[in-house]
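Heads up: the structure comes next, in structure tokens.
Just so you know, all these numbers are worked out from the coordinates, no wet-lab data involved. Keep in mind the model is a prediction, meaning the values are calculated, not measured. Don't worry about glycine lacking a Cβ; one is built from the backbone with ideal geometry, like all the others, and counts go over all protein chains shown.
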Amino acid sequence: MLSRFFRKPEGNERVPKGQTVTERFPVLTYGPVPHLESQSVTLRVWGACTPREFSWDELMKMPMSTQTYDIHCVTHWSKLGTTWTGIPILELMKQIQLEERAKYVSIHSFGGYTTNLELADLLRPENLLAPTFEGLPLEREHGGPLRLVVPHLYFWKSAKWISGLEFLEYESLGFWERNGYHRRGDPFLEERYSDD
Ligand SMILES: Nc1nc2c(c(=O)[nH]1)N[C@H]1C(S)=C(S)[C@@H](COP(=O)(O)O)O[C@H]1N2
Ligand SMILES: [Mo]
């Protein structure tokens with residue numbers, strides 16, 4: 001009987017409209033999967049900030065946090081209770097001098113994928129640069145050695161094989177956003193596609 005009080009919320013309270021829960025972890029990648037040695041992975045920041053490049057070793061020395069959350073893909077699957085370990089974006093940002101005009105960010109990946117975020121959507125405590133999924137090194141297909149995780153937006157915003165953050169004064173659309181996806185992509189508002 002106790003379980004009645006301690007049970008997790010029912011799936012439906014957590015699953016946005018139009019989504020179906022999957023136990024699997026589908027791979028969605030446009031184009032080839034890059035082969036990257038961890039040591040060759042760096043994170044470059046530029047644009048409306050003091051430019052700098054973080055080495056893999058510098059990144060791995062930053063404070064890490066483990067967080068569990070639901071992820072929602074625009075292709076209608078949701079996966080509940082995924083656990084990621086990584087550098088909180090807010091920790092990384094302590095080492096980045098932003099200019100006041102920075103209002104948007106373009107996320108860049110090895111291989112050329114890009115996606116865009118408003119600064120406020122990047123600067124959330126749950127967002128991670130994650131090398132670890134469910135306690136194991138993140139698989140290459142899922143973005144290993146390092147990917148962004150922005151769980152409050154559709155999963156296309158969570159750039160795999162992240163290589164850089166370009167801070168911008170004006171919004172610049174990323175790969176899927178230029179190809180018809182919504183500029184922001186909140187799954188609970190069903191912001192799947194752009195209207196124009
Ligand atoms: N670099 C890169 N990141 C990417 C993608 C991609 O094609 N390239 N696909 C996006 C899309 S559309 C989704 S739904 C998720 C899928 O992540 P997964 O393959 O780990 O499920 O990654 C996102 N990040
Ligand atoms: Mo996607």
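Among S109, S163, S40, determine the one that fluctuates most according to a GNM of the chain built with springs between C-alpha atoms less than 10 Å apart.
In the Gaussian network model the winner is S40.
Using a cut-off of 25 Å between alpha-carbon atoms, which lysines can reach K94, once sequence neighbours fewer than 8 places away in the same chain are excluded?
Qualifying lysines at Cα under 25 Å: K61, K103, K157, K160.
Among E99, E141, E23, which one shows the biggest mean-square fluctuation in a GNM of the chain, springs joining Cα atoms closer than 10 Å?
Result: E23 has the largest fluctuation of those listed.
Place +1 on the Cβ of every Lys and Arg and -1 on the Cβ of every Asp and Glu in the range 39-189, take the dipole about the Cα centre, and give the residue among Y113, C49, N127 whose Cα lies farthest towards its positive end.
Result: Y113, furthest along the dipole toward the positive end.
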